[in-house]
Amino acid sequence: MAVWVESFEEYAQNLLSKAKITGAAVGLAEQGQLEYFHGFGLADDTADAQELTADTVFGIGSVTKSFTCVAIMQLQEAGKLNVHDPVRTYIPELRTPNEAFTREMTIHHLMTHTAGFPPLDTLVGAMKNSMAEEAADRSFSSGLQWDVEKAEAIETKEEMLAYLAKLDYELLGAPGEQFSYSNDSYALLGVIIERVSGSTYEQFVHENILAPAGMTHSAFLIEELPADAQVATLFTRKSPEDGGDVYRSPSWWDAPAMRSAGFLKSTIRDLLRYTELFRTGGLVGDKRLLSEASVKAMTTPHAPLSPFQGYGYGLMIGTDCHGGTLVEHGGAIKGVSAQIFAIPERNLTGAILMNVDGAPVTDLMHGLLNAKNGKPAATPPFPYADYELPPERFAAYAGEYRSSEGANVTVAIEENALVLKAMGATVPLRPVGEDGFVWKRGETDSYIHFYRDEAGTISRMGFGFRQLPKILVGTEQKV
(Lines give C-alpha, C1' and ligand atoms only; values in the text may rest on other atoms or scores of the structure.)
Protein backbone atom coordinates (compact mmCIF):
# COMPACT_ATOMS: atom_id res chain seq x y z
CA MET A 1 0.00 0.00 0.00
CA ALA A 2 1.34 3.43 -0.95
CA VAL A 3 2.38 5.70 1.91
CA TRP A 4 -0.12 8.36 0.89
CA VAL A 5 -2.96 5.84 0.95
CA GLU A 6 -2.07 4.77 4.51
CA SER A 7 -1.94 8.41 5.58
CA PHE A 8 -5.31 9.19 4.02
CA GLU A 9 -7.12 6.10 5.33
CA GLU A 10 -5.92 6.72 8.88
CA TYR A 11 -7.21 10.29 8.63
CA ALA A 12 -10.47 9.17 7.03
CA GLN A 13 -11.19 6.45 9.58
CA ASN A 14 -10.75 8.90 12.43
CA LEU A 15 -12.85 11.59 10.71
CA LEU A 16 -15.68 9.22 9.79
CA SER A 17 -15.75 7.64 13.24
CA LYS A 18 -16.12 11.04 14.94
CA ALA A 19 -18.89 11.98 12.50
CA LYS A 20 -20.71 8.65 13.07
CA ILE A 21 -20.77 7.86 9.35
CA THR A 22 -22.50 4.64 8.30
CA GLY A 23 -21.02 4.32 4.82
CA ALA A 24 -18.62 6.32 2.65
CA ALA A 25 -17.24 5.58 -0.82
CA VAL A 26 -14.13 7.37 -2.06
CA GLY A 27 -12.72 7.25 -5.58
CA LEU A 28 -9.74 8.95 -7.24
CA ALA A 29 -8.79 8.65 -10.90
CA GLU A 30 -5.64 9.74 -12.73
CA GLN A 31 -5.61 10.19 -16.50
CA GLY A 32 -9.13 8.78 -16.47
CA GLN A 33 -8.11 5.50 -14.83
CA LEU A 34 -9.28 4.47 -11.37
CA GLU A 35 -6.24 4.80 -9.14
CA TYR A 36 -7.84 4.46 -5.74
CA PHE A 37 -11.16 3.25 -4.34
CA HIS A 38 -12.14 2.46 -0.80
CA GLY A 39 -15.48 1.78 0.81
CA PHE A 40 -15.61 2.77 4.48
CA GLY A 41 -18.42 1.10 6.39
CA LEU A 42 -21.38 -0.66 4.79
CA ALA A 43 -24.40 0.09 2.61
CA ASP A 44 -26.78 -0.55 5.54
CA ASP A 45 -26.74 -1.38 9.26
CA THR A 46 -28.37 -4.81 8.91
CA ALA A 47 -26.64 -8.09 9.67
CA ASP A 48 -26.39 -8.99 5.98
CA ALA A 49 -25.38 -5.51 4.78
CA GLN A 50 -23.12 -5.46 1.72
CA GLU A 51 -19.77 -3.79 1.41
CA LEU A 52 -19.67 -0.59 -0.60
CA THR A 53 -18.35 -0.78 -4.14
CA ALA A 54 -17.60 1.73 -6.89
CA ASP A 55 -21.06 0.86 -8.28
CA THR A 56 -23.06 1.43 -5.09
CA VAL A 57 -25.77 4.02 -5.71
CA PHE A 58 -26.01 7.11 -3.48
CA GLY A 59 -27.83 10.41 -3.76
CA ILE A 60 -25.67 13.28 -5.01
CA GLY A 61 -27.79 16.31 -4.04
CA SER A 62 -26.60 19.60 -5.51
CA VAL A 63 -23.85 17.94 -7.52
CA THR A 64 -26.83 17.68 -9.92
CA LYS A 65 -26.45 21.42 -10.57
CA SER A 66 -23.40 20.89 -12.78
CA PHE A 67 -25.42 18.40 -14.88
CA THR A 68 -28.07 21.09 -15.32
CA CYS A 69 -25.41 23.51 -16.55
CA VAL A 70 -23.92 20.92 -18.92
CA ALA A 71 -27.43 20.58 -20.39
CA ILE A 72 -27.71 24.35 -20.83
CA MET A 73 -24.31 24.51 -22.54
CA GLN A 74 -25.31 21.67 -24.87
CA LEU A 75 -28.41 23.60 -25.87
CA GLN A 76 -26.29 26.68 -26.46
CA GLU A 77 -23.94 24.69 -28.69
CA ALA A 78 -26.99 23.47 -30.62
CA GLY A 79 -27.98 27.09 -31.25
CA LYS A 80 -31.20 26.81 -29.26
CA LEU A 81 -30.36 29.42 -26.64
CA ASN A 82 -27.60 31.70 -25.40
CA VAL A 83 -26.62 31.96 -21.76
CA HIS A 84 -26.93 35.75 -21.99
CA ASP A 85 -30.53 35.57 -23.19
CA PRO A 86 -33.11 37.10 -20.82
CA VAL A 87 -34.88 34.49 -18.71
CA ARG A 88 -38.18 36.06 -19.76
CA THR A 89 -37.50 34.92 -23.35
CA TYR A 90 -38.22 31.36 -22.20
CA ILE A 91 -40.31 31.98 -19.08
CA PRO A 92 -42.43 35.04 -19.94
CA GLU A 93 -44.65 34.43 -16.90
CA LEU A 94 -41.74 34.79 -14.44
CA ARG A 95 -42.63 37.37 -11.80
CA THR A 96 -40.65 38.80 -8.86
CA PRO A 97 -41.33 41.82 -6.63
CA ASN A 98 -39.10 43.97 -8.89
CA GLU A 99 -40.26 44.04 -12.50
CA ALA A 100 -37.23 45.99 -13.77
CA PHE A 101 -34.79 43.50 -12.24
CA THR A 102 -36.83 40.57 -13.57
CA ARG A 103 -36.47 41.85 -17.11
CA GLU A 104 -32.68 42.03 -16.67
CA MET A 105 -32.23 38.43 -15.42
CA THR A 106 -30.36 36.18 -17.84
CA ILE A 107 -29.67 32.46 -17.96
CA HIS A 108 -26.07 33.29 -16.96
CA HIS A 109 -27.36 34.94 -13.79
CA LEU A 110 -29.34 31.82 -12.89
CA MET A 111 -26.32 29.55 -13.50
CA THR A 112 -24.06 31.71 -11.32
CA HIS A 113 -26.58 32.34 -8.49
CA THR A 114 -26.41 36.07 -9.22
CA ALA A 115 -30.02 36.70 -10.36
CA GLY A 116 -30.69 38.42 -7.03
CA PHE A 117 -32.93 35.80 -5.39
CA PRO A 118 -32.57 35.57 -1.60
CA PRO A 119 -32.92 32.12 -0.01
CA LEU A 120 -36.60 31.16 -0.38
CA ASP A 121 -38.72 28.29 0.92
CA THR A 122 -39.86 26.96 -2.45
CA LEU A 123 -37.90 23.71 -2.14
CA VAL A 124 -39.72 22.75 1.08
CA GLY A 125 -43.06 22.86 -0.72
CA ALA A 126 -41.61 20.98 -3.68
CA MET A 127 -40.42 18.19 -1.35
CA LYS A 128 -43.46 18.21 0.92
CA ASN A 129 -45.28 15.18 -0.47
CA SER A 130 -42.20 12.95 -0.34
CA MET A 131 -41.35 14.21 3.16
CA ALA A 132 -44.84 13.28 4.33
CA GLU A 133 -44.05 9.61 3.65
CA GLU A 134 -41.82 9.63 6.73
CA ALA A 135 -43.36 12.14 9.08
CA ALA A 136 -40.62 11.92 11.72
CA ASP A 137 -37.87 12.94 9.31
CA ARG A 138 -38.69 16.47 8.25
CA SER A 139 -35.38 18.12 8.88
CA PHE A 140 -31.78 17.16 8.42
CA SER A 141 -28.41 18.32 9.66
CA SER A 142 -28.34 21.54 7.63
CA GLY A 143 -29.90 23.28 10.63
CA LEU A 144 -32.71 24.68 8.47
CA GLN A 145 -35.94 25.10 10.40
CA TRP A 146 -38.92 24.11 8.28
CA ASP A 147 -42.62 24.24 9.07
CA VAL A 148 -43.61 21.50 6.66
CA GLU A 149 -47.23 21.45 7.79
CA LYS A 150 -47.71 25.07 6.72
CA ALA A 151 -45.73 24.73 3.49
CA GLU A 152 -47.72 24.83 0.28
CA ALA A 153 -47.27 21.60 -1.68
CA ILE A 154 -45.71 22.17 -5.11
CA GLU A 155 -45.86 19.28 -7.55
CA THR A 156 -45.38 20.77 -11.01
CA LYS A 157 -43.14 23.39 -12.57
CA GLU A 158 -46.24 25.46 -13.31
CA GLU A 159 -47.14 25.40 -9.61
CA MET A 160 -43.57 26.35 -8.76
CA LEU A 161 -43.71 29.40 -11.06
CA ALA A 162 -47.08 30.43 -9.63
CA TYR A 163 -45.72 30.11 -6.09
CA LEU A 164 -42.67 32.25 -6.90
CA ALA A 165 -44.90 34.88 -8.48
CA LYS A 166 -46.91 35.47 -5.31
CA LEU A 167 -44.06 35.50 -2.77
CA ASP A 168 -43.34 38.79 -1.01
CA TYR A 169 -39.59 39.37 -0.61
CA GLU A 170 -36.85 41.76 -1.62
CA LEU A 171 -34.35 40.91 -4.33
CA LEU A 172 -30.75 41.31 -3.16
CA GLY A 173 -29.92 43.74 -5.95
CA ALA A 174 -29.83 44.05 -9.69
CA PRO A 175 -28.93 40.84 -11.58
CA GLY A 176 -25.18 40.30 -11.57
CA GLU A 177 -24.55 42.35 -8.42
CA GLN A 178 -24.92 39.80 -5.62
CA PHE A 179 -24.12 36.10 -5.23
CA SER A 180 -26.48 34.00 -3.12
CA TYR A 181 -26.85 30.27 -3.64
CA SER A 182 -30.33 29.68 -5.07
CA ASN A 183 -32.17 26.41 -5.62
CA ASP A 184 -34.94 28.48 -7.20
CA SER A 185 -32.56 29.68 -9.92
CA TYR A 186 -31.73 26.08 -10.82
CA ALA A 187 -35.39 25.13 -10.81
CA LEU A 188 -35.91 27.85 -13.43
CA LEU A 189 -33.05 26.41 -15.48
CA GLY A 190 -34.92 23.11 -15.50
CA VAL A 191 -37.98 24.88 -16.92
CA ILE A 192 -35.85 26.48 -19.66
CA ILE A 193 -34.28 23.13 -20.59
CA GLU A 194 -37.71 21.56 -21.01
CA ARG A 195 -39.17 24.40 -23.05
CA VAL A 196 -36.18 24.67 -25.36
CA SER A 197 -35.55 20.94 -25.85
CA GLY A 198 -39.14 19.75 -26.04
CA SER A 199 -38.44 16.88 -23.62
CA THR A 200 -38.58 16.54 -19.87
CA TYR A 201 -35.54 17.69 -17.92
CA GLU A 202 -34.87 14.15 -16.73
CA GLN A 203 -35.12 12.71 -20.25
CA PHE A 204 -32.79 15.36 -21.66
CA VAL A 205 -30.14 14.68 -19.01
CA HIS A 206 -30.40 10.92 -19.56
CA GLU A 207 -30.19 11.09 -23.35
CA ASN A 208 -27.51 13.76 -23.62
CA ILE A 209 -25.30 13.22 -20.57
CA LEU A 210 -25.87 9.95 -18.69
CA ALA A 211 -26.24 7.60 -21.67
CA PRO A 212 -23.37 8.93 -23.84
CA ALA A 213 -21.08 9.10 -20.80
CA GLY A 214 -21.81 5.44 -20.00
CA MET A 215 -23.32 6.30 -16.61
CA THR A 216 -25.39 3.12 -16.43
CA HIS A 217 -26.12 3.33 -12.68
CA SER A 218 -27.32 6.93 -12.54
CA ALA A 219 -30.95 8.08 -12.52
CA PHE A 220 -33.36 10.48 -10.85
CA LEU A 221 -35.62 7.68 -9.61
CA ILE A 222 -34.50 4.46 -7.90
CA GLU A 223 -36.94 2.41 -9.97
CA GLU A 224 -35.14 3.53 -13.14
CA LEU A 225 -31.86 1.88 -12.07
CA PRO A 226 -30.83 -1.60 -13.26
CA ALA A 227 -32.60 -4.37 -11.37
CA ASP A 228 -29.35 -5.58 -9.82
CA ALA A 229 -28.18 -2.15 -8.64
CA GLN A 230 -26.95 -1.96 -5.05
CA VAL A 231 -28.49 1.14 -3.44
CA ALA A 232 -27.11 2.46 -0.15
CA THR A 233 -29.74 2.85 2.58
CA LEU A 234 -30.24 6.42 3.77
CA PHE A 235 -29.41 7.56 7.28
CA THR A 236 -29.92 10.90 8.97
CA ARG A 237 -28.99 12.28 12.37
CA LYS A 238 -30.56 13.90 15.39
CA SER A 239 -29.84 17.52 16.21
CA PRO A 240 -26.60 18.34 18.07
CA GLU A 241 -28.70 19.16 21.15
CA ASP A 242 -30.03 15.59 21.05
CA GLY A 243 -26.57 14.07 20.64
CA GLY A 244 -26.31 14.00 16.84
CA ASP A 245 -26.90 10.25 16.73
CA VAL A 246 -27.31 8.67 13.30
CA TYR A 247 -30.38 6.56 12.56
CA ARG A 248 -31.92 4.74 9.60
CA SER A 249 -34.27 6.86 7.45
CA PRO A 250 -34.69 4.98 4.16
CA SER A 251 -37.23 7.08 2.24
CA TRP A 252 -35.89 9.39 -0.47
CA TRP A 253 -36.92 13.03 -0.56
CA ASP A 254 -37.88 14.18 -4.02
CA ALA A 255 -39.02 17.41 -5.67
CA PRO A 256 -40.47 16.70 -9.13
CA ALA A 257 -40.79 20.43 -9.84
CA MET A 258 -37.17 21.13 -8.84
CA ARG A 259 -35.10 18.06 -9.74
CA SER A 260 -32.70 20.26 -11.72
CA ALA A 261 -31.53 21.69 -8.38
CA GLY A 262 -30.36 18.43 -6.83
CA PHE A 263 -32.03 15.01 -7.03
CA LEU A 264 -29.88 12.77 -9.22
CA LYS A 265 -28.55 9.45 -7.88
CA SER A 266 -25.19 8.05 -8.98
CA THR A 267 -22.09 6.02 -8.13
CA ILE A 268 -18.37 6.59 -7.76
CA ARG A 269 -17.64 4.87 -11.07
CA ASP A 270 -20.25 6.88 -12.96
CA LEU A 271 -19.15 10.18 -11.42
CA LEU A 272 -15.53 9.48 -12.32
CA ARG A 273 -16.68 9.11 -15.91
CA TYR A 274 -18.65 12.34 -15.66
CA THR A 275 -15.81 14.39 -14.15
CA GLU A 276 -13.67 13.51 -17.16
CA LEU A 277 -15.56 16.36 -18.87
CA PHE A 278 -13.71 18.87 -16.74
CA ARG A 279 -10.32 17.16 -17.05
CA THR A 280 -10.35 16.68 -20.82
CA GLY A 281 -12.24 19.77 -21.98
CA GLY A 282 -15.49 18.01 -22.85
CA LEU A 283 -14.64 14.37 -23.62
CA VAL A 284 -15.75 11.22 -21.84
CA GLY A 285 -13.71 8.49 -23.45
CA ASP A 286 -14.19 9.05 -27.20
CA LYS A 287 -17.56 10.80 -26.74
CA ARG A 288 -17.58 14.60 -26.87
CA LEU A 289 -20.32 15.94 -24.64
CA LEU A 290 -19.19 19.58 -24.64
CA SER A 291 -16.81 21.79 -26.56
CA GLU A 292 -13.63 23.03 -24.89
CA ALA A 293 -15.10 26.54 -24.96
CA SER A 294 -18.18 25.39 -23.06
CA VAL A 295 -16.08 23.64 -20.42
CA LYS A 296 -13.94 26.76 -20.06
CA ALA A 297 -17.09 28.83 -19.50
CA MET A 298 -18.31 26.37 -16.87
CA THR A 299 -14.98 26.40 -15.01
CA THR A 300 -14.40 30.16 -15.09
CA PRO A 301 -15.06 31.80 -11.69
CA HIS A 302 -17.80 34.26 -12.66
CA ALA A 303 -18.84 35.23 -9.12
CA PRO A 304 -16.69 35.47 -5.96
CA LEU A 305 -17.31 33.04 -3.10
CA SER A 306 -14.30 33.81 -0.92
CA PRO A 307 -10.79 35.23 -1.36
CA PHE A 308 -9.76 31.85 -2.81
CA GLN A 309 -12.87 30.58 -4.59
CA GLY A 310 -15.37 31.62 -7.23
CA TYR A 311 -18.51 30.12 -8.75
CA GLY A 312 -18.61 29.04 -12.39
CA TYR A 313 -21.59 27.28 -13.94
CA GLY A 314 -22.75 24.69 -11.40
CA LEU A 315 -19.18 24.37 -10.13
CA MET A 316 -16.96 25.97 -7.49
CA ILE A 317 -13.49 26.97 -8.64
CA GLY A 318 -10.53 27.17 -6.25
CA THR A 319 -7.41 28.89 -7.52
CA ASP A 320 -3.95 27.55 -6.72
CA CYS A 321 -5.29 24.67 -4.63
CA HIS A 322 -3.60 21.26 -4.32
CA GLY A 323 -1.23 22.07 -7.15
CA GLY A 324 -3.73 23.37 -9.68
CA THR A 325 -7.25 24.64 -10.21
CA LEU A 326 -9.70 22.77 -7.99
CA VAL A 327 -13.03 22.35 -9.83
CA GLU A 328 -15.58 20.95 -7.40
CA HIS A 329 -19.13 20.92 -6.03
CA GLY A 330 -20.84 19.31 -3.09
CA GLY A 331 -24.33 18.10 -2.39
CA ALA A 332 -26.37 17.56 0.77
CA ILE A 333 -29.89 16.60 1.66
CA LYS A 334 -31.39 14.03 4.02
CA GLY A 335 -29.31 10.85 3.75
CA VAL A 336 -26.95 12.42 1.20
CA SER A 337 -23.46 13.91 1.40
CA ALA A 338 -21.63 14.10 -1.93
CA GLN A 339 -18.60 15.70 -3.56
CA ILE A 340 -17.06 15.69 -7.01
CA PHE A 341 -13.75 17.31 -7.92
CA ALA A 342 -11.15 17.65 -10.66
CA ILE A 343 -7.72 19.23 -10.96
CA PRO A 344 -7.29 19.36 -14.74
CA GLU A 345 -3.62 20.42 -14.65
CA ARG A 346 -2.80 17.28 -12.68
CA ASN A 347 -5.16 14.96 -14.59
CA LEU A 348 -6.92 14.08 -11.34
CA THR A 349 -10.65 13.54 -10.84
CA GLY A 350 -12.51 12.24 -7.84
CA ALA A 351 -15.80 11.62 -6.09
CA ILE A 352 -16.91 11.01 -2.52
CA LEU A 353 -20.37 9.70 -1.60
CA MET A 354 -21.95 9.02 1.79
CA ASN A 355 -25.39 7.78 2.85
CA VAL A 356 -25.57 10.14 5.85
CA ASP A 357 -26.21 13.87 5.84
CA GLY A 358 -24.03 16.25 7.84
CA ALA A 359 -20.94 14.33 6.76
CA PRO A 360 -17.42 15.75 6.30
CA VAL A 361 -17.17 15.30 2.53
CA THR A 362 -15.20 18.51 2.01
CA ASP A 363 -12.69 17.56 4.70
CA LEU A 364 -12.34 14.13 3.12
CA MET A 365 -11.72 15.64 -0.32
CA HIS A 366 -8.98 17.93 0.95
CA GLY A 367 -7.52 15.14 3.08
CA LEU A 368 -7.33 12.85 0.06
CA LEU A 369 -5.63 15.49 -2.10
CA ASN A 370 -3.26 16.52 0.69
CA ALA A 371 -2.18 12.92 1.23
CA LYS A 372 -1.75 12.42 -2.52
CA ASN A 373 0.57 15.47 -2.48
CA GLY A 374 2.61 14.06 0.41
CA LYS A 375 1.25 16.57 2.92
CA PRO A 376 -0.44 15.92 6.29
CA ALA A 377 -4.08 15.16 5.49
CA ALA A 378 -5.39 17.93 7.75
CA THR A 379 -3.39 20.70 6.01
CA PRO A 380 -5.75 23.69 5.42
CA PRO A 381 -6.46 24.10 1.67
CA PHE A 382 -6.60 27.91 1.81
CA PRO A 383 -4.18 30.13 3.79
CA TYR A 384 -6.48 32.53 5.65
CA ALA A 385 -4.26 34.98 7.56
CA ASP A 386 -5.44 36.70 10.73
CA TYR A 387 -6.87 40.21 10.43
CA GLU A 388 -6.74 42.73 13.25
CA LEU A 389 -10.29 43.73 14.20
CA PRO A 390 -10.62 46.12 17.18
CA PRO A 391 -13.08 44.79 19.81
CA GLU A 392 -15.07 48.02 19.68
CA ARG A 393 -16.19 47.01 16.16
CA PHE A 394 -17.62 43.63 17.24
CA ALA A 395 -21.06 45.03 18.04
CA ALA A 396 -21.67 45.96 14.39
CA TYR A 397 -21.76 42.25 13.45
CA ALA A 398 -23.73 40.94 16.42
CA GLY A 399 -27.35 40.03 15.84
CA GLU A 400 -29.71 37.44 14.40
CA TYR A 401 -29.70 36.54 10.71
CA ARG A 402 -32.34 34.39 9.08
CA SER A 403 -34.01 33.59 5.79
CA SER A 404 -37.35 32.20 4.68
CA GLU A 405 -35.45 29.10 3.51
CA GLY A 406 -35.19 28.22 7.21
CA ALA A 407 -31.70 29.40 8.19
CA ASN A 408 -31.38 30.97 11.63
CA VAL A 409 -27.92 32.14 12.68
CA THR A 410 -26.83 34.29 15.60
CA VAL A 411 -23.60 36.26 15.93
CA ALA A 412 -22.81 37.21 19.52
CA ILE A 413 -20.03 38.62 21.68
CA GLU A 414 -18.84 36.19 24.34
CA GLU A 415 -15.72 36.61 26.47
CA ASN A 416 -14.63 39.57 24.36
CA ALA A 417 -14.75 37.57 21.11
CA LEU A 418 -17.22 37.09 18.26
CA VAL A 419 -18.95 33.71 18.09
CA LEU A 420 -21.31 32.10 15.61
CA LYS A 421 -24.30 30.13 16.86
CA ALA A 422 -25.80 27.79 14.28
CA MET A 423 -26.87 24.17 13.88
CA GLY A 424 -26.79 23.65 17.66
CA ALA A 425 -23.16 24.69 18.02
CA THR A 426 -21.26 27.77 19.15
CA VAL A 427 -17.96 28.37 17.36
CA PRO A 428 -15.51 31.29 17.32
CA LEU A 429 -15.35 33.65 14.35
CA ARG A 430 -11.81 34.52 13.25
CA PRO A 431 -11.38 37.81 11.35
CA VAL A 432 -9.51 37.34 8.05
CA GLY A 433 -10.32 40.58 6.20
CA GLU A 434 -12.55 43.62 6.12
CA ASP A 435 -16.00 42.17 7.01
CA GLY A 436 -14.61 38.68 6.32
CA PHE A 437 -14.38 35.85 8.87
CA VAL A 438 -13.84 32.09 8.98
CA TRP A 439 -15.19 29.46 11.32
CA LYS A 440 -14.12 25.86 11.71
CA ARG A 441 -16.59 23.51 10.07
CA GLY A 442 -14.98 20.20 10.83
CA GLU A 443 -11.37 20.42 9.71
CA THR A 444 -11.90 23.13 7.09
CA ASP A 445 -12.18 26.92 7.43
CA SER A 446 -15.60 28.04 6.19
CA TYR A 447 -15.74 31.65 4.95
CA ILE A 448 -18.33 34.22 5.99
CA HIS A 449 -18.73 37.72 4.56
CA PHE A 450 -20.88 40.47 6.02
CA TYR A 451 -22.62 42.91 3.67
CA ARG A 452 -23.26 46.58 4.33
CA ASP A 453 -26.11 48.77 3.12
CA GLU A 454 -25.70 52.22 1.57
CA ALA A 455 -25.36 53.76 5.03
CA GLY A 456 -22.48 51.41 5.86
CA THR A 457 -24.51 49.34 8.34
CA ILE A 458 -24.25 45.54 8.37
CA SER A 459 -27.48 44.32 6.75
CA ARG A 460 -26.75 40.73 5.64
CA MET A 461 -24.29 37.93 6.17
CA GLY A 462 -23.09 35.29 3.74
CA PHE A 463 -23.53 31.90 5.41
CA GLY A 464 -23.55 28.57 3.60
CA PHE A 465 -23.03 30.59 0.39
CA ARG A 466 -26.41 32.26 1.00
CA GLN A 467 -27.08 35.85 2.00
CA LEU A 468 -29.13 36.01 5.20
CA PRO A 469 -30.78 39.33 6.19
CA LYS A 470 -30.07 40.75 9.62
CA ILE A 471 -33.24 40.87 11.70
CA LEU A 472 -33.65 44.20 13.46
CA VAL A 473 -35.18 44.02 16.92
CA GLY A 474 -38.68 45.44 17.04
CA THR A 475 -39.10 45.56 13.25
CA GLU A 476 -40.69 43.42 10.61
CA GLN A 477 -38.29 42.56 7.80
CA LYS A 478 -38.92 40.65 4.61
CA VAL A 479 -36.68 37.59 4.37
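The values are calculated or read from the model by the stated rules, or taken from the named source; none is laboratory data. Predicted model, so just to flag it, every value in this text is computed and none were measured. No Cβ is skipped: glycine too gets one built from the backbone with ideal geometry, and neighbour counts run over all protein chains shown. The accessibility values were calculated without ligands, DNA or RNA, using every heavy atom of the protein model including side chains. Shrake-Rupley method; radii C 1.70, N 1.55, O 1.52, S 1.80 Å.
Okay, here's what the table says:
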read-out: Neighbours by Cβ (under 7 Å, 6+ apart or cross-chain): first from region 73-90, without any contact (Cβ under 8 Å) to a residue 60 or more places away in the chain; second open to solvent by 40 Å² or more (accessible area, probe 1.4 Å); value: Asn82/Gln76; Pro86/Arg103; Arg88/Arg103
read-out: Filter result for the condition that a residue is open to solvent by 50 Å² or more (accessible area, probe 1.4 Å) and touching a residue at least 60 places away in the same chain (Cβ under 8 Å), over Tyr397, Tyr447; value: Tyr447
read-out: Members of region 406-442 that are assigned to a loop (DSSP other than H, G, I, E, B) and either touching a strand residue (DSSP E or B) at 6+ places or on another chain (Cβ under 9 Å) or more than 19 Å from Pro307 (Cβ to Cβ) (or both); value: Gly406, Ala407, Glu415, Asn416, Met423, Gly424, Leu429, Asp435, Gly442
read-out: Residue that is nearest to Ile317 (Cα to Cα), among those in region 366-392 that are assigned to a helix (DSSP H, G or I) and charged (D, E, K, R); value: Lys372
read-out: Inter-residue pairs, beta-carbon under 7 Å, first at positive phi and in region 258-275, second assigned to a helix (DSSP H, G or I) and basic (Lys, Arg), 6+ apart; value: Gly262/Lys65
read-out: Region 63-95: number of residues that are hydroxyl-bearing (Ser, Thr, Tyr), open to solvent by 20 Å² or more (accessible area, probe 1.4 Å) and outside any loop (DSSP other than H, G, I, E, B); value: 1
read-out: Subset of region 258-297 (residues that are of a type outside the set (D, E, K, R), surrounded by fewer than 22 Cβ atoms within 10 Å (Cβ to Cβ) and assigned to a helix (DSSP H, G or I)); value: Thr280, Ala293, Ala297
read-out: In region 1-40, the residues that are over 23 Å from Ile343 (Cα atoms) and among the β-branched types (Val, Ile, Thr); value: Ile21, Thr22
read-out: Filter result (over 19 Å from Trp253 (Cβ atoms), open to solvent by less than 40 Å² (accessible area, probe 1.4 Å) and assigned to a loop (DSSP other than H, G, I, E, B)) within region 182-216; value: Ser199, Pro212, Ala213, Gly214, Met215
read-out: The one condition in (1) farther than 25 Å from His329 by Cα; (2) under 18 Å from the mean Cα position of the chain (by Cα) that Lys470 fails to fulfil; value: (2)
read-out: Residues within region 31-45 that are in a loop (DSSP other than H, G, I, E, B) and either without any contact (Cβ under 8 Å) to a residue 24 or more places away in the chain or within 30 Å of Pro344 (Cα to Cα) (or both), tallied; value: 2
read-out: Counted residues, region 17-40 - those being touching a strand residue (DSSP E or B) at 6+ places or on another chain (Cβ under 8 Å) and either within 14 Å of Asn370 (Cα to Cα) or modelled with pLDDT of 95 or more (or both); value: 16
read-out: Residue among Leu418, Leu472, Leu389, Leu429 that is among the aliphatic types (A, V, I, L, M), out of contact with any Ser or Thr (no Cβ under 7 Å at 6 or more places or on another chain) and open to solvent by 60 Å² or more (accessible area, probe 1.4 Å); value: Leu472
